[in-house]
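The values are calculated or read from the model by the stated rules, or taken from the named source; none is laboratory data. Remember, it's a predicted structure, so these values are computed and weren't measured experimentally. When we count neighbours, we look across all protein chains shown, and the Cβ atoms used for this are built from the backbone with ideal geometry, even at glycine. SASA here: full protein model, heavy atoms, side chains in, ligands and nucleic acids out. Shrake-Rupley method; radii C 1.70, N 1.55, O 1.52, S 1.80 Å.
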Amino acid sequence: MSRIVQATSAGLYCEAGGFYIDPWRPVAHALITHAHSDHARPGHGAYLTAEPGLPLVRERVGAPVEGLPYGERRRIGAAVVSFHPAAHMRGAAQARIEVGGRVAVVTGDFKRDDDPTADAFEPVPCHELIMESTFALPLYRWPDASEIVREIHDWWRENQEAGRTSVLLAYAVGKAQRLLALLNPEQGPILYHGAMERFVELYRAADVSLPAARKATADDAKTLRGRALLLAPPSAHHSPWLRKWGACSVGFASGWMRVRGARRRRGADRGFVISDHADWPALLQTIEESGAEWVGLTHGYGEALARYLRELGREADVVRTAFIGEAGAESDAPPARESAD
Amino acid sequence: MDLFVQLYRRLDQHTRTNDKVAALEDYFRVAPREDAAWALFHLVGRRLPRAVSPAELRAWAGAASGLAPWLVEECYAAAGDLAETLALLVPPAATPRAWPLSALIEHRIRPLRELSHEERRARIEQSWHELDGDARFLYHKMLTGGFRVGISRALVERALSRVSGVPAAELARRLMGDWPPDASFFERLLSTEERGTPNLQPYPFYLAYPLEQAVSSLGDPGDWQAEWKWDGIRAQALRRAASIAIWTRGEELVTERYPEIERALAALPEGTALDGELLAWREDRPLPFGAMQRRIGRLRVSSDELREAPVIFMAYDLLEFNGVDIRAQPLSERRARLEAVLQRAPEELKVSPTLAFPDWPALAALRAESRARRVEGIMLKRRDSPYGVGRERGAWWKWKVDPYTVDAVLMYAQAGHGRRAGLHTDYTLGVWNGETLVPVAKAYSGLTDRELEEVDRWIRRHTIEKHGPVRVVVPELVFEIAFEGLQPSPRHKSGIALRFPRVHRWRRDKMPADADRLEQLVALMNAAQT
Ligand SMILES: [Zn+2]
Ligand SMILES: [Zn+2]
């Protein structure tokens, strides 16, 4: 029996519907789970994504995109498709694909933790589950996000007392906006790097509630240093831009920070374990709740999770894709043009 | 543990030296003496005898977390640190308990060695119920005897000096050798009263910097004393009232391993401290380093070993004379006394000869003879220099002979540890033997971070096979490896063991076919053994 969704050289393909999910080579019809660059690529003929993610995906691919509200069903060829919240970032969706009474779910990237900028994850029962496995090792268990947010504020305060600028490195799309929504502007000025500006504007335009914060300017570097919290993409670390800010403490917000070696390699002073991906318990919970007969794994430590599941008597395989996962570690996949998350 | 955990976090989180010293100062000001003594013990790199093997800890932690051994290994490979991996895998503590550091060591670590296997396991499982997070991680580090925070001893001494007012050099001296990590030692350490040198205690070693600039930049050759740089074990030999001690630079007491030196030292006047090198020696030159290696690990030496690898002490400095610390005197004076003290000493105690050189080119010519003489190069010491503490720039230089190099092909790669966790930085490299590559060196990379990441990405995309953590890669990348020597080794497939191999640079300009051949290494080895 062939599966509803197959891995091909262009991407994950649904033959019954004649469409691809997050393809990495140009195709006629693409379903897009979310606006990260390794999932939403330019050059396809037609795009369909979950309604709340529409402006973000459109910004990414530079072409017209059609939106489908969460939960609404759409027939495409012999398949019925719907999107369900994946909570990875704003508009992130799992794609549910039903063909002749059987259901496949492609999770895209997802998390089970709360995120004020995204709809909560919805468990979707299915027969075939194609799931991301970026952090699929039992090492990776996320502390409560509210605990980490408190740590970030404590660190910020400590830096303010020592006259250091707090530089919080985070991915420019999704993670940066989530952090922004969690920061308390009463503690001091919050600024962000220019690379984050466009998506902050798009989030605001979509009525996501974000605190007072603006793009950092050269003047700010003189007047607000030592007090401000500065959100910046990881590529800004060690850049001339950052040097203008005087004494800094550099924090990095990522699931990889669970492990000390990863933080030390990045040269960050502090690591904050906050991720937009599922941790080990959340991955297992999601498989359990799906009731799937077969699990296909993409990203990261998929081989380990597949073996673990097989030892429990489940059918599981690694599905080769060109997705990157939460940058900071490399996956075994072929390189993408730009790293995401 | 709370204070110690806090200290550890501050040391780990701050990259600037001043912040680290401040963290140490804050800790030593408030920590109870008995805890501070144990913290100091670990900070200066001393270790408890291993109470449990990493294999046992792995197995028990795997069982406690309900994970198969292979999955524990996967996690270890990703995290790059066993103590940390296991601390993260074991379920959270059920009944957390705030152990003071000294109490934890007395009750949860030191007794373990006396216990049976099963009792040991039960005691450690009990500790897992009591300790969480970083406290658990540090507990594992102390258990397996591998505690390192990556701060230099000099910083610890600086912080203690600020806390106590005792000069850092004096603290360095008091911290040499063996001391009990307890409250009364800690109090004596920080006391401003003068104390003589206890009977067996060595002095801090003075270390040279590698000479990287042109030798002529050192100025007038007449200001400098030159000696061979001996390739043995740096050591201090003490002859004090009714006691004799030989200490290595690692502060290991090795007196009994070198009975011939111990006997010879007995002939010296009481109150003598020599700095020098233990060397395997025959007639008038060193034996190949392999001979010394046979002696290093031996606690009891057989008469065969004494005959085949006889050891001498090559003295190059005198630190104590007639029971008086003379380290502040200029080298020229210490040297004259050294020669006088050893004039009629047994032949196992030799004085490292000084090299006569009218000008720098003449010294460079001598240095070129280093390999033929089985020495590592030349030492340069200012004639007016006192004997200092630790590594300083300016007065003492080591001018080593250039290493051997060979171009080899990357065959296998493995993820590194610590800050290189998850990054493939441990390379196995091979040279050509006919049409096939034969591995000749396992080298940790000396590449830049940027290159390391680039090679890591390359490795992931060019993996042919995976055997556990080891990746077999397409034989395509060529690296220049540097090494200090080579000797025959039946344990290696190539028949050769390289000494201190490290990756020197990435030869992007070379194709795999351009790499060196095994015959070339064999020829080098034969030349070195004669
Ligand atoms: Zn992804
Ligand atoms: Zn993503």
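Just the accessible area for A:MET257, please: 1.4 Å probe, Å², rounded to the nearest 10?
Roll a 1.4 Å probe over it and A:MET257 shows about 20 Å².
Note down the magnitude of the dipole of region B:206-400 about its Cα centre, charges +1 on Lys and Arg C-beta and -1 on Asp and Glu C-beta and zero elsewhere, to the nearest 20 debye.
Charge dipole, region B:206-400, about its Cα centre: 300 debye, nearest 20.
For the pair B:ALA169 and B:ARG508, what calculated FRET efficiency results from E = 1/(1 + (r/R0)^6), where r is the Cβ-Cβ distance and R0 = 41 Å, to the nearest 0.05?
It comes to 0.30.
For region B:487-499, what does the Karplus curve 6.51 cos²θ - 1.76 cosθ + 1.60, with θ = phi - 60°, yield as ³J(HN,Hα) per residue in whole Hz, taken in order and with x for Gly and Pro?
3J(HN,Hα) across region B:487-499, in whole Hz: 8, x, 8, x, 6, 9, 4, 6, x, 10, 10, 8, 9.
List the GluC sites (Glu not before Pro) in region B:424-472 that DSSP assigns to loop (not H, G, I, E or B) and whose Cβ has at most 10 other Cβ atoms within 10 Å. Which are they?
Counting only loop positions with at most 10 other Cβ atoms within 10 Å, the GluC sites (Glu not before Pro) in region B:424-472 are B:GLU435.
Report the full-extension gain for the segment B:ASP19 to B:ILE464: residue separation times 0.36 nm, less the Cα-Cα distance, to one decimal in nm.
Working it through step by step, the gained length comes to 155.6 nm.
Given the C-alpha centroids of region A:247-266 and region A:120-146, what is the distance between them in whole angstrom?
The distance from the Cα centre of region A:247-266 to that of region A:120-146 comes to 22 Å.
For the pair A:GLU293 and B:ARG391, what calculated FRET efficiency results from E = 1/(1 + (r/R0)^6), where r is the Cβ-Cβ distance and R0 = 51 Å, to the nearest 0.05?
0.20
Give me the 1.4 Å probe accessible area per residue for the protein assembly as shown, excluding ligands and nucleic acids, in Å².
With the other protein chains kept in place, the protein assembly as shown gives 42 Å² per residue.
Scan region A:59-120 for GluC sites (Glu not before Pro) in coil per DSSP, keeping those whose Cβ has at most 13 other Cβ atoms within 10 Å, and list them by number.
Sites meeting the loop and neighbour criteria: A:GLU72.
Given Cα pairs under 8 Å that are at least 6 residues apart, what percent is the relative contact order of region B:404-529?
Normalised by residue count, the contact order of region B:404-529 is 30 percent.
What residues of region A:117-140 lose no less than 30 Å² of accessible area with every protein chain in place versus their chain by itself (probe 1.4 Å, heavy atoms only)?
Going by heavy-atom accessible area, the residues of region A:117-140 that drop by at least 30 Å² are A:LEU137, A:PRO138, A:LEU139.
Which whole-angstrom value gives the distance between the alpha carbon centres of region B:265-310 and region B:456-512?
When both Cα centres are located, 34 Å separates them.
Leaving out same-chain residues fewer than 8 places away, which lysines sit with a Cα under 20 Å from that of B:LYS381?
B:LYS229, B:LYS350, B:LYS398, B:LYS400
Loop-only check: which trypsin sites (Lys or Arg not before Pro) in region A:159-266 are DSSP coil with at most 16 other Cβ within 10 angstrom?
Sparse-neighbourhood loop trypsin sites (Lys or Arg not before Pro): A:ARG227, A:LYS244.
Just read off the accessible area of B:THR17 with the full protein assembly in place, 1.4 Å probe, to the nearest 10 Å².
70
What length, rounded to one decimal in nm, is gained on full extension from A:GLU59 through to A:ARG102, with 0.36 nm per residue of separation minus their alpha-carbon distance?
Gain on stretching A:GLU59 to A:ARG102: 12.1 nm.
Rounded to the nearest 10 Å², what accessible area does B:LEU306 show when all protein chains are kept and the probe is 1.4 Å?
For B:LEU306, solvent-accessible area is about 60 Å².
Provide the buried accessible surface between chains A and B in square angstrom, both chains summed, 1.4 Å probe, rounded to the nearest 100.
Summing both sides, the interface buries roughly 2700 Å².
In terms of Cα to Cα distance under 29 Å, which lysines are near enough to B:LYS466, apart from those fewer than 8 places away along the same chain?
Output for B:LYS466: B:LYS442, B:LYS493, B:LYS510.
Go ahead and estimate [θ] at 222 nm for chain B from helices alone: -39,500 (n - 2.57) per DSSP H run with n ≥ 4, summed, over the residue count, rounded to 500.
That comes out to -10500 deg cm²/dmol.
Counting only DSSP beta bridges with both residues in region A:1-138, what percent are antiparallel, rounded to the nearest 5?
Bridges in region A:1-138 that DSSP calls antiparallel: roughly 60 percent.
Using Cα pairs closer than 8 Å and at least 6 residues apart in sequence, work out the relative contact order for region B:206-400, in percent.
Reported as a whole number, the value is 33 percent.
How large, in percent, is the carbon and sulfur part of the accessible surface of the protein assembly as shown at a probe radius of 1.4 Å?
C and S fraction of accessible area: 49 percent.
With only Lys, Arg, Asp and Glu charged, each at its Cβ (+1 for the first two, -1 for the last two), find how big the charge dipole of chain B is about the Cα centre; round to the nearest 20 debye.
Once rounded to the nearest 20, the dipole reads 140 debye.
Residue by residue through region A:86-100, which ³J(HN,Hα) values in whole Hz follow from phi under the Karplus form 6.51 cos²θ - 1.76 cosθ + 1.60 (θ = phi - 60°), with glycine and proline marked x?
10, 6, 5, 7, 4, x, 5, 9, 8, 9, 9, 10, 10, 9, x
Quick one: order A:ILE32, B:ILE233 from most to least accessible surface, probe 1.4 Å.
B:ILE233, A:ILE32
Please compute the contact order of chain B in relative form: average sequence separation of alpha-carbon pairs under 8 Å and at least six residues apart, divided by the residue count, as a percent.
Value for chain B: 12 percent.
Once you put a point 7 Å from the Cα of B:GLU106 and another 7 Å from the Cα of B:ARG373, both along the Cβ direction, what distance in nm separates them?
My value for the distance between the label points is 5.6 nm.
Taking only the Cα atoms of region B:64-107, how large is their convex hull per residue, in Å³?
In region B:64-107, the Cα hull volume divided by residue count equals 95 Å³.
To check you understand DSSP bridge types, tell me what percent of the beta bridges within the protein assembly as shown (both residues inside) are antiparallel, rounded to 5.
Looking only at bridges with both residues in the protein assembly as shown, the antiparallel portion is about 65 percent.
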